[in-house]
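The block underneath contains the structure these notes are about, expressed in structure tokens.
What follows is calculated from the coordinates using simple rules that are stated; it is not laboratory data. Note that the structure is a prediction, hence the values are computed from the model and not measured. Note that we place each Cβ from the backbone using ideal geometry, even for glycine, and neighbour counts take in every protein chain shown.
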Amino acid sequence: MKKILIKIRTSMKFFILVSIATFIIVALVAFLYKPVYSVTLNEENIGYSADKSKLQARIDDYIENGDGENSYVAFVQVDNMPTYSLCLLKRGIIPNDDEIFEKVAETGVPYYKYYAISEDDEEKFYVADFSTAENVVQGLKDKDSSNIDNISITEKYETNVENFVQAEEAVAGLYKEKVKEPVQTTKVASTKSSKKVASSGSSSSFSMASNMSKSPVSLGISLIKPVTGTITSRFGSVSRIRSSAHTGLDIGSPSGTGVKAAASGTVVWAGYKGSLGNLVVISHSNGVQTYYGHCSKIYVSAGQSVSQGQIISAVGSTGNSTGPHLHFEIRVNGVAYNPQNYVY
Ligand SMILES: [Zn+2]
């Protein structure tokens, strides 16, 4: 009996001793170290952050808006995002959020958004915003310029900026007086425009150009709704976050919701693309293409055939977006049409 009591007493002593030791170690660690995030970029440690969400918000803002030095920045492409892992850092070593931000920003490539005004598909003038581009077209119309049907506006996302001109300068440079030989001019013009449609209708390519038409055409295929939800922005609407009219339809839906292919076809783009973030473009028959923007995840790859209703991506808020939604576009030979004339 006594032996057992002694045994219990010894193990109790041992237990208390271990507890005290553990407490001292924990207290020592807490005193000497503090929890911070170790930040890794391209498999290399680039520093420590005390406030991970604040740092990431600053990086996100930089990607969306640039450093504010140039107002034409549409977004900044950063190939790799930093990763964070919780660790203990010796007190006295100071977290360097500013330096981390600079290191991430160094790898960023700003993309500028502006508009090209082309004559016969050749870029002639560049303007800073869509309304100026529209003024150029209107100016040429007002002056009854003979080349008005061959003038087009293209939205540009480039890593370099061009020299921008004012509307008057572009109108003066593009204006062509009408020559009186009606039969011949019409013929030439019609051959040209039919050629244009054929080249832009090739199914292996797609464009980010913002040509849009408000009068519907027959698609020759039937489409289904890629997602169900509330329409948050209609086709043709103008908003603060966009400098030009909306070429698609925005459908609000929770992040992660499966996005269905509106019709069967071939994926021609599956990846990050400018302000549309993670984008899937599907080519269908008759020159019809559908665009699915701002996705959080993409489940298909370019060249892949998809069937109608197949889940191709997940709803997200990548690119120029203020909340999870699907940006859905219908284009025929590069011209955007109102999705609400076909679905929704
Ligand atoms: Zn949209």
### Message
Roughly how far apart, in whole Å, are the Cα centres of segment 13-76 and segment 141-183?
### Response
53 Å
## Note on the structure
With a ≥ b ≥ c from the Cα gyration tensor eigenvalues, square-rooted, and the rule rounded for a/c under 1.5, otherwise prolate when a/b > b/c and oblate otherwise, segment 275-338 is oblate
### Query
So which DSSP H runs in the chain come out at 30 Å plus along the axis (Cα) with average Kyte-Doolittle of at least -0.5?
2-32
### Net charge dipole size for the chain [Lys, Arg +1 and Asp, Glu -1 on Cβ; Debye, nearest 20]
2340 debye
### Task
Hey, could you grab the Kirkwood Rh for the chain? Inverse mean 1/r over distinct alpha carbon pairs, Å, one decimal.
24.0 Å
### Query
Going down the list LYS113/LYS273; LYS54/LYS297; LYS141/LYS178; LYS34/LYS54; LYS54/LYS273; LYS143/LYS176, which pairs span over 21 Å between their C-alpha atoms?
LYS54/LYS297; LYS54/LYS273
### Query
Order of 82-93, 250-261 by packing, highest average Cβ count within 10 Å first?
250-261, 82-93
### Query
Where does the Debye-calculated log10 I(q)/I(0) of segment 212-341 sit at q = 0.10, 0.19 Å⁻¹, using only Cα point scatterers of equal weight, no solvent?
-0.26, -1.02
### Summary
Across all Cα atoms of segment 95-177, Rg and the largest Cα-Cα distance (Dmax), in Å, are 17.9, 66
## Note on the structure
Sorted on mean Cβ neighbours within 10 Å (highest first), peptides 277-284, 47-54 come out as 277-284, 47-54
### Task
Provide the FRET efficiency to the nearest 0.05 for the MET12-SER255 pair, computing r from the beta carbons and using R0 = 51 Å.
0.40
